[in-house]
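**Student:** Once you've had a glance at the structure underneath, I'll fire off some questions.
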Amino acid sequence: MRRLLVLIAVLAVLLAVADRVAVRLAESAVATRIKIAEQLSSSPAVSIGGFPFLTQAISGRYDNLSVTVTGLRRGSATITRLSVDLRGVRVPLSAIVHRAVSSIPVASATGTVQLSYADLDAAVASRGITVAYGGSPGTVTVTYRGTSRVGRVRVDGDAIAVDVSAAGAGGVTVGGPAAGLFDFTVSLPSLPFHIALQTVTADPAGVQIAAAAGAFTISTAG
C-alpha cells in the first residue's frame, strides 16, 4: 500500500510538471503568433488561466487567456499598457505541439487601455500643454503657459478627447476662444484584437479606457 501511495504521488507530481511545461509552451506559441499578427515590436506577455491546462489543450478551447502589451505606439501616442482578456479562444493541441498556429479564433474580448500622464504629455507636447489628474474621477488638469483648467475626458470614436470648455477650474465655466487652447484629442487608431474604445475615466495613475470586441479571428498568416 505504501509503495502504491508513493507511486501515485510521483505520478501526480509528474503530471503537474507536465501541465506547467505544456502551458508555458502554449503561451510562448500564442505570444509569437500574436506578435506577428498585430505587428508588435516585441512579444506580448500571454497567460493562460485555468487548471489543469492539459484538459483545455485536449479540447483546444481556452476560456481565460490574458494578453499584456506595453509601450504600444498608436498614432501620436504611446499606450503605457494594454491589458486584454480573450474569451473562447480556440487553438488545436496539434498546432501547439508542432508550433504551427495559423489562426486563432476568439469569441470575445475585453480590455483596458492605460495611458500614464507622462505618455499623455508626450502625445500632446506639440500643443505646449501638460496633463495631470483633475482631483475627481474622469477629470484632468490641463496646463497651458502657466494657466491651468480642469477638463473632462471622454471617448470620441477611436480617440480620447479632453473638453475644458464645459468644466473649468472650481466648476466655473470657461467659455470663449481661450477655452479651445486647453481642449485636445489623442487618436488611438488600429488597436490590437479589433477592440473598440467604450468608456474612459481618469485617476491618479493616468487615463484608463475600457475597450471590447465581439467575435473575431487573429490572422497569423506569414
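**Student:** Calculated FRET efficiency, residue 219 and residue 76, Cβ-Cβ r, R0 22 Å, to nearest 0.05?
**Tutor:** Values: r = 27 Å, r/R0 = 1.21.
The calculated FRET efficiency here is 0.25.
**Student:** Show the residues, 5+ positions off or on another chain, whose built amide H is closer than 5 Å to the amide H of residue 74.
**Tutor:** 79
**Student:** Show me, for region 129-136, the HN-Hα J-couplings you get by feeding each phi into the Karplus relation (A = 6.51, B = -1.76, C = 1.60, θ = phi - 60°), rounded to Hz, glycine and proline as x.
**Tutor:** Per-residue couplings from phi come out as 10, 10, 10, 9, 4, x, x, 9 Hz.
**Student:** Run the simple label-point estimate for residue 83 and residue 47 please: 7 Å along Cα→C-beta, distance reported in nm.
**Tutor:** Each label point is offset 7 Å from its Cα along the Cβ direction, giving 0.8 nm.
**Student:** Here's another thing I want to ask about it. Under the Karplus relation 6.51 cos²θ - 1.76 cosθ + 1.60, θ = phi - 60°, what is the ordered set of whole-Hz ³J(HN,Hα) values for region 63-69, x standing for Gly and Pro?
**Tutor:** Computed from phi, the couplings for region 63-69 are 9, 8, 10, 10, 10, 10, 10 Hz.
**Student:** Can you pull the one-decimal nm distance between simple spin-label points at residue 103 and residue 194, each 7 Å off the Cα toward Cβ?
**Tutor:** 1.1
**Student:** Hey, another quick one. If I stretch the segment between residue 148 and residue 36 completely, what's the gain in nm (0.36 nm per residue apart, minus their alpha carbon distance), one decimal? It would help to have the intermediate numbers written out before the result.
**Tutor:** Working: separation 112, 0.36 × 112 = 40.32 nm, distance 4.28 nm.
Taking 0.36 nm per residue and subtracting the Cα distance, the gain is 36.0 nm.
**Student:** How large is ³J(HN,Hα) for each residue in region 78-87, as worked out from phi by the Karplus curve 6.51 cos²θ - 1.76 cosθ + 1.60 (θ = phi - 60°), to whole Hz, x for Gly and Pro?
**Tutor:** Listing the rounded values in order: 9, 6, 4, 7, 10, 10, 10, 9, 9, 10 Hz.
Every number here is computed from the coordinates shown, using simple stated rules; none is lab data. The structure presented is a predicted model; accordingly, all values stated were derived computationally and were not measured. When we count neighbours, we look across all protein chains shown, and the Cβ atoms used for this are built from the backbone with ideal geometry, even at glycine.
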